[in-house]
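The block underneath contains the structure these notes are about, expressed in structure tokens.
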Amino acid sequence: MSLSFSAPSLAIFCKVIDNYGDIGICWRLARQLCHEHALAVTLWVDDLVSFRRICPEVDPAAVQQVIQGVTVRHWQDQDGQFDARDIPDVVIEFFGCELPPDYQRAMAARTPRPVWLNYEGLTAEDWVEGCHRLPSMHPRLPLTKHFYFPGFNARTGGLLHEAGLDARRRAFQQDGAAVTDFLARFGVSAAEAAGRKVSLFCYLDAPVTALFDTWRGGATPTLCLVPEGVAPGQVGAFLGAAPVAGASATRGSLTVRVLPFLPQAEYDLLLWACDVNFVRGEDSWVRAQWAARPFVWHIYPQDENLHHKKLRAFLALYARGAPALTAYMLGWNGAQPMDDHRAAWNALDATLPDIAAQADGWRQTVLAQGDLVTQLLDFVRDLRFAQENSV
Ligand code: TRH
């Protein structure tokens, strides 16, 4: 539905888990809403130090600051006092993070009440189709929150994808000099860049040492680029030195090079520059799909191995017809044994050209439903329209 509607102000609440968690997605969402839709966006973040890793402009000591047009506020505790005039038109909480009680009270006191969304985690599981856009009444206050589920088909909320992304990606990937110059910034020589290039971003329990052993003893010269702080124990063991930015070592066919942890926009360039990307969580996983290159996903672990179900649901969509990719990703995530890492990698390696050839088709299929922000704002419009027309 397209109605004339203006939603000039919006707040996003983000709680950081495990040093990165969710700030990557929230920051990307905040910027797109601000830059492409001219909304006045306030991003509440509880951990500015972690935020600064992906956005070096962040001042961790500032209670309030404006970064790239987005007002960033330090969400210090649940005790803040708020006024109905502090409440924007739209409030988005991430993954059910609980808003300060007085903020909720002020939301209920505002006229009109804000649209309140709970932005959920991305999964390819079927059940989200039945839950996307569902309302949930506040137990005490006259407020309704709606669930918003990102997803891979038109019955869900889409994926974050900013305007012009694909043109920038193609231009970069087709410009050999741009790729070489980008890599040269980190000390990558032309000879290193000529071999297979892989980026590595994963959680601590990924079997990195077994993968390094495989590449080291393999025939293909491989350059593995690892942002600082990723798998530090296993990377340090390979290097025989502290895994700090600038460190590198070559053993057998494998060179491992530690990069500085990149600002978020530059991380895209790394994904675009590499032939294969190891990614994790949600945001880097989506960005790897937009990079249109083969990737291996390390999913964020959940209790009772719930994440294995999510992984299998995604693989059933994405890796249909690519059993070696399914087997490798299940093994990488500990969802099934990978006793012979070398054999699993070699099987995957043999199919990488086919996977690469299909990567852009996947990107187009998922994007056919439109991007997440456009759909989210359509939903907000629908809710506002219903609110204005209710008795
Ligand atoms: O932060 P993550 O581990 O994310 C996860 C997921 O959101 C998961 O669902 C959640 O619940 C868990 O947090 C707690 O991984 P993700 O989502 O890929 O975010 C990492 C961000 O870091 C992403 O925006 C890319 C960015 N990044 C950089 O900016 N520079 C870098 O050098 C690297 C490696 C990543």
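Since every read-out is calculated from the coordinates, none of them should be taken as a lab result. In this text the structure is predicted, and so the values were computed from the model without any measurement. Note that we place each Cβ from the backbone using ideal geometry, even for glycine, and neighbour counts take in every protein chain shown.
For the reader, a short list of remarks on this structure follows.
- Relative contact order (%) - criterion: Cα under 8 Å, at least six apart; region: the chain: 14 percent
- Normalised size of the range 60-181, defined as Cα radius of gyration per 2.2 N^0.38 Å with N residues, equals 1.40.
- For the pair the range 338-382 and the range 119-156, the centres of their Cα atoms are 22 angstrom apart.
- Here the relative contact order of the range 181-315, from alpha carbon pairs under 8 Å that lie six or more residues apart, stands at 23 percent.
- Stretch gain in nm, segment Thr250-Asp175, where the contour uses 0.36 nm per residue and the Cα spacing is subtracted: 24.3 nm
- R0 of 22 Å, Cβ-Cβ distance Ala316-Leu165: FRET efficiency to nearest 0.05: 0.25
- Relative to the dominant Cα principal axis of the chain, helix 208-217 is inclined by about 30°.
- Taking 4.7 Å between C-beta atoms as the pairing limit, the chain has these partnerless cysteines: Cys34, Cys55, Cys97, Cys131, Cys202, Cys224, Cys274.
- Taking every alpha-carbon pair in the range 191-244 and binning the separations at 10 Å intervals from zero gives 23, 57, 20, 0 percent.
- Translational diffusion of the range 143-250, µm² s⁻¹ [Kirkwood Rh, Cα pairs; Stokes-Einstein; 4 °C; 1.567 mPa s]: 76 µm²/s
- Restricting the calculation to Cα atoms, the range 1-141 shows an Rg/Rh of 0.95 when the hydrodynamic-style radius is the Kirkwood one.
- Remark: the Ala38-Asp378 segment gains 120.9 nm on full extension, using 0.36 nm per residue and subtracting the alpha carbon distance.
- Stretchable slack from Met137 to Glu57, in nm (0.36 nm times residue separation minus alpha-carbon distance): 25.0 nm
- Solvent-free Debye scattering, log10 I(q)/I(0), computed from the Cα coordinates of the range 260-375 at q = 0.13, 0.16 Å⁻¹: -0.53, -0.80
- Radius 13 Å from Cβ of Leu160, net charge of other residues (Lys, Arg +1; Asp, Glu -1): -4
- Less than 5 angstrom separates the built amide H of Val188 from none of the residues sequence-distant by 5 or more or on a different chain.
- Whether the range 312-391 is rounded, prolate or oblate, judged on the alpha carbon gyration tensor where a/c under 1.5 counts as rounded: prolate
- Taking 16 Å as the straight-line reach from the Cα of Lys15, the aspartates and glutamates in range (excluding those fewer than 8 positions away in the same chain) are Asp46, Asp47, Asp77, Asp79, Glu93, Glu98, Glu120, Glu282, Asp283.
- When the Cα convex hull of the chain is projected onto planes of every orientation, the mean area is 19.8 nm².
- Helix axis angle, 323-332 relative to the chain longest principal axis, alpha carbon, degrees: 80 degrees
- Theoretical ellipticity at 222 nm over the chain - DSSP helices of four or more residues, -39500 (n - 2.57) apiece, nearest 500: -12500 deg cm²/dmol
- R0 of 41 Å, Cβ-Cβ distance Asp86-Asp126: FRET efficiency to nearest 0.05: 0.55
- Overall Cα dimensions of the range 183-335 - principal axes, largest extent first, Å: 40, 30, 28
- Karplus 3J(HN,Hα) series, Hz, for the range 263-270 with 6.51 cos²θ - 1.76 cosθ + 1.60 (x for Gly, Pro): x, 3, 5, 6, 4, 4, 4, 4
- Neighbourhood charge, 15 Å Cβ-Cβ cut-off, centred on Leu141 and excluding it, Lys, Arg +1 and Asp, Glu -1: +2
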